[in-house]
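Below is one structure, written out as structure tokens; comments come after it.
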Ligand code: GLY
Ligand code: MN
Ligand code: MN
């Protein structure tokens, strides 16, 4: 078993709430006379995403012939004392196994090179065999069953067996106890590559194995380009840039659940305006649905009313929601497979935009439309942002807010328009809300768009209440319009098109939800 190097064992933590009996009679009695437990429906059934995960493993592994590739799921993260956060596996682990939801703390996916990699490469066969090392459910004749609050079934419910996980993923499953030997085998000859950020304990183990095999831990300061682990993280991130059919299907589910959440929020606006912390009412009504229909939210909800909308990531959500103000709602449901949506609308709390609110909102939607027109195969990712910026700069010029012409502002030396939109227009979207974050610039910002890429288009304009560079009527108005876009062979599909965007359409949609 791996030693949890960064964790204080549970047994050593203070427990002032109870003392477990230590008598032999208790211990013996606790391990006896238990019948079988019915598995939850679906346990042991092959996952819907198992085949597409297998194809992703095959593609990624071929980039590293002969190397041992190590992808930890990660550890349970401590919230306080003996209370952990709900478990969410590292996204690369989920991507390569198809395991989402709460699977599986401490598990490690190892892609082990086959004996004759050259032959496998030549024949187009698998260059690696996948093995999943995990901590299976302990049997009931062990104290773990009743005494381990992290892993014991008495505490956390039924846990999967090795056979069940193998059946679900199509990957051979072994006990975590076998991991050290598996990593150490021929470690002098085999290049080990680890997704280091996922689990510090596994990182410690891999470092030990490397030292024992005569390969000292790599020194990033001395040689940044040859870091075998960074290269794997980069490749795992880049492997997610193009989504397959299964993934697009999951993203569609996430978007649909998110749109349902926006509708719930509109229905809850009367309660929100009646409460001193109306933003919390908004957050709670969105997140109730997210948790009921999916795994939860893909990031903390931004429920920003009035001037809070000018704070880009306002997540305190503790302010009032006043009639006459705008409400910026930036929210996304993460479904059980862990794919998330990321959608924003800025709506009038009263149901009608004021003239200046409408002017700003429509400008942002115009910018989004320009970006959308640039989102097609062959164009570069950065072209999408540039197209949105032309519209933003031109509107600001029209309104007399720019200190220079729009053309001057749009030069590299200018950029004055960015005072009111400091963020980018787009980011990839998938298992992480900011997906593929470690991909190289050439494959992200500078990349040509390809069918299967999914990203946001989210221009905005933010006039802070204390912004003396704009007339008072603009101050305190913040707008963002964010949709989730799939690049197709023919161009692009707005996955969130079912949610209205234009001011009039949004007003009609709100009216229909608040009869
Ligand atoms: N919700 C975070 C973002 O839009 O990027
Ligand atoms: Mn976003
Ligand atoms: Mn967002």
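The values are calculated or read from the model by the stated rules, or taken from the named source; none is laboratory data. None of these values were measured; they are calculated from a predicted model. We place every Cβ from the backbone using ideal geometry, glycine too, and count neighbours over all the protein chains shown.
Results, tabulated for the structure shown:
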read-out	value
Filtered residue count, region 42-95, keeping only those that are buried (at least 18 other Cβ atoms within 10 Å of the Cβ), farther than 18 Å from residue 135 by Cα and touching a strand residue (DSSP E or B) at 6+ places or on another chain (Cβ under 6 Å)	6
Residue match in region 128-150 (condition: under 20 Å from residue 190 (Cβ atoms) and over 26 Å from the mean Cα position of the chain (by Cα))	yes
Answer residue from region 162-186, given it is touching a residue at least 60 places away in the same chain (Cβ under 8 Å) and in a loop (DSSP other than H, G, I, E, B) and is nearest to residue 114 (Cα to Cα) among those	171
Criterion (under 27 Å from residue 439 (Cβ atoms) and surrounded by fewer than 23 Cβ atoms within 10 Å (Cβ to Cβ)) met by exactly one of 99, 121	121
Residue match in region 230-248 (condition: modelled with pLDDT under 95 and under 30 Å from residue 64 (Cβ atoms))	yes
Positions within region 449-496 being in a loop (DSSP other than H, G, I, E, B), away from ligand 1 (no atom under 16 Å from the Cβ), touching a helix residue (DSSP H, G or I) at 6+ places or on another chain (Cβ under 7 Å) and under 17 Å from residue 383 (Cβ atoms), in sequence order	449
Contacts under 8 angstrom Cβ, first residue in region 431-443 being touching a residue at least 60 places away in the same chain (Cβ under 8 Å) and farther than 17 Å from residue 296 by Cα, partner part of a loop (DSSP other than H, G, I, E, B) and within 16 Å of ligand 1 (Cβ to nearest atom), 6 or more apart	435/427; 435/429; 436/430; 436/444
Checklist (1) away from ligand 2 (no atom under 15 Å from the Cβ); (2) surrounded by fewer than 24 Cβ atoms within 10 Å (Cβ to Cβ); (3) more than 30 Å from residue 93 (Cβ to Cβ) applied to residue 278, failing item	(2)
In region 331-368, residue nearest to residue 104 (Cα to Cα) [restricted to those that are within 29 Å of the chain's Cα centre (by Cα) and in a helix (DSSP H, G or I)]	368
Residues within region 318-332 that are crowded, with 20+ Cβ neighbours inside 10 Å and either within 14 Å of ligand 2 (Cβ to nearest atom) or free of Cβ contacts under 8 Å to residues at least 40 places away in the same chain (or both), tallied	6
Some residue of region 423-434 being more than 16 Å from ligand 3 (Cβ to nearest atom), in a loop (DSSP other than H, G, I, E, B) and surrounded by fewer than 23 Cβ atoms within 10 Å (Cβ to Cβ)	no
Complete set of residues in region 63-85 that are over 21 Å from residue 186 (Cβ atoms) and not in a loop (DSSP other than H, G, I, E, B)	78, 79, 80, 83, 84
In region 88-122, the residues that are in contact (Cβ under 8 Å) with a residue 12 or more places away in the chain, in a loop (DSSP other than H, G, I, E, B) and farther than 18 Å from residue 196 by Cα	98, 99, 100, 101, 102, 103, 114
Residue in region 124-137 that is assigned to a loop (DSSP other than H, G, I, E, B), without any contact (Cβ under 8 Å) to a residue 24 or more places away in the chain, under 27 Å from residue 439 (Cβ atoms) and out of contact with any strand residue (DSSP E or B) (no Cβ under 9 Å at 6 or more places or on another chain) present	yes
Single condition residue 178 does not satisfy, out of (1) touching a helix residue (DSSP H, G or I) at 6+ places or on another chain (Cβ under 8 Å); (2) surrounded by fewer than 18 Cβ atoms within 10 Å (Cβ to Cβ); (3) closer than 19 Å to residue 111 by Cα	(1)
Scope region 15-41; condition loosely packed, with under 10 Cβ neighbours inside 10 Å and outside any helix (DSSP H, G or I); matching residues	16, 17, 18, 19, 22, 23, 32, 33, 35, 36, 38, 41
